[in-house]
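One structure is given here, and the rest of the page talks about it.
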Amino acid sequence: VHLNGRPRDQLFRRLTSYVAQDDILFANVTVKEAVTFHTVLKTEIPSRVTGEMLRKATEMRLRAVGLEEVQDSRIGNEVVRGISGGQRRRVSLACGLATEAQIIFCDEPTSGLSSTDAETSVRFMRLLAKKFGITIIVAIHQPRIEVAKLFDHLLLLTANPGRVVYNGPYREAVQYWSNAGFAVPEFANPTDWFLDLVTPGVVDSQADHFVEYFEIQGKPDVDDIVRFELNNQRKSALDMLEVRRKHGLRWGDLPAVRNSVYGVRFRRQFRAVFY
């Protein structure tokens, strides 16, 4: 795994965030408290940033994921009454955003949600990606067409073992399948059609055909991009964290960037957790 043409190092964690399939949140805290906690726990706060400024920054992040109206509601769980499942998923997203991550990994973010909540969650992911200039990488199974259309890029794998059958812009996938000899039928959900054809063991599966077709038609272009990027080293993870620190210095003093997996000193983490 490389970042900016450089091998991934321990600071990769400081630039990325992981949103688990199951929302790991405290049931008895409010939405605003959960996001503020992640901000204080994982990022250094400039010396001139007041509590009021931090509150407004949190509200801005909540507004970006459509949670402004429930910011003072408890998270809740099976026992404690709280916000909906779709809203909880977006709280997890806001917590990832609060750590200033530039890449967010989401494990099945629509799992267990209604079709409406699933589409809403993915729409807000797309909004975050465009508005804040971050990359969101999503692992997902059998998305409805409205959800799939929101993706910029599609990496499709077949199973047993996992092999690539498509790697490119989502908007070009339908034409790719047509060029491979299996055009999407009229009125069919393209994502269902793609998966039916590349899933081993399914009736009319064409998994081997699409693996071979990708090896000839798709892989050479991907390999060219990889070779170019590996020879085009840009900022290291440490350099990127230094840039982030320079932006923060406008709001007061900040400690030097630490070459550690932890962005915040132990004493500050302890205070945040204990508080």
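The set of residues from the range 61-81 being open to solvent by less than 50 Å² (accessible area, probe 1.4 Å) and β-branched (Val, Ile, Thr) comprises VAL65, VAL70, ILE75, VAL80.
The test for being part of a helix (DSSP H, G or I) and touching a Ser or Thr at 6+ places or on another chain (Cβ under 7 Å) holds for VAL147. Remark: pairs (first residue in the range 173-201, open to solvent by 40 Å² or more (accessible area, probe 1.4 Å); second residue among the acidic types (Asp, Glu); Cβ separation under 8 Å; 6+ apart in sequence or on different chains) = ASP196/ASP204.
For SER84, the criteria (1) surrounded by fewer than 21 Cβ atoms within 10 Å (Cβ to Cβ); (2) closer than 21 Å to ILE134 by Cα hold in every case but one, which is (2).
If I filter the range 107-118 down to residues being of a type outside the set (Val, Ile, Thr) and surrounded by 22 or more Cβ atoms within 10 Å (Cβ to Cβ), which single residue comes out as farthest from LEU238 (Cα to Cα)?
In the first step, residues of the range 107-118 are kept if they are of a type outside the set (Val, Ile, Thr); the result is 107-109, 111-115, 117-118.
Restricting the remaining residues to those that are surrounded by 22 or more Cβ atoms within 10 Å (Cβ to Cβ) gives 109, 118.
Numbers: PRO109: 30, ALA118: 36 Å.
Per the criteria, the residue is ALA118.
Taken over the range 235-275, the criterion of being open to solvent by less than 100 Å² (accessible area, probe 1.4 Å), under 21 Å from LEU15 (Cβ atoms), outside any helix (DSSP H, G or I) and touching a residue at least 24 places away in the same chain (Cβ under 8 Å) is satisfied by SER236, LEU254, PRO255, SER260, VAL261, GLY263, VAL264. Against the definition (surrounded by 21 or more Cβ atoms within 10 Å (Cβ to Cβ), in a strand (DSSP E or B) and on the phi < 0 side of the Ramachandran plot), how does ILE104 come out, yes or no? Considered against the rule, which asks whether it is surrounded by 21 or more Cβ atoms within 10 Å (Cβ to Cβ), in a strand (DSSP E or B) and on the phi < 0 side of the Ramachandran plot, ILE104 comes out as yes. Checking the structure you have, find out if any residue of the range 53-61 is under 21 Å from the mean Cα position of the chain (by Cα) and part of a loop (DSSP other than H, G, I, E, B). No, there is no match, as no residue in the range 53-61 is under 21 Å from the mean Cα position of the chain (by Cα) and part of a loop (DSSP other than H, G, I, E, B). Checked against (1) within 24 Å of VAL35 (Cβ to Cβ); (2) polar (S, T, N, Q); (3) surrounded by 14 or more Cβ atoms within 10 Å (Cβ to Cβ), ASN167 passes all but a single condition, namely (1). Would you mind stating whether VAL122 is more than 28 Å from GLU212 (Cα to Cα), modelled with pLDDT of 90 or more, buried (at least 16 other Cβ atoms within 10 Å of the Cβ) and of a type in the set (A, V, I, L, M)? Yes; evaluated as a whole, the condition is true for this residue.
Scanning the range 11-20 for residues that are touching a helix residue (DSSP H, G or I) at 6+ places or on another chain (Cβ under 7 Å), under 22 Å from VAL273 (Cβ atoms), open to solvent by less than 30 Å² (accessible area, probe 1.4 Å) and among the aliphatic types (A, V, I, L, M) turns up at least one hit.
The condition (being open to solvent by less than 50 Å² (accessible area, probe 1.4 Å) and modelled with pLDDT under 90) is satisfied by just one residue among LEU150, LEU97: LEU97. Only one of the listed residues (GLY76, GLY86) is assigned to a loop (DSSP other than H, G, I, E, B) and either farther than 30 Å from ALA237 by Cα or more than 12 Å from the chain's Cα centre (by Cα) (or both). That residue is GLY76.
The values are calculated or read from the model by the stated rules, or taken from the named source; none is laboratory data. Since the structure is predicted, the reported quantities are computational estimates derived from the model, not experimental observations. Ideal geometry is used to build each Cβ from the backbone, glycine not excepted, and the neighbour counts take in all protein chains shown. The accessibility values were calculated without ligands, DNA or RNA, using every heavy atom of the protein model including side chains. Shrake-Rupley method; radii C 1.70, N 1.55, O 1.52, S 1.80 Å.
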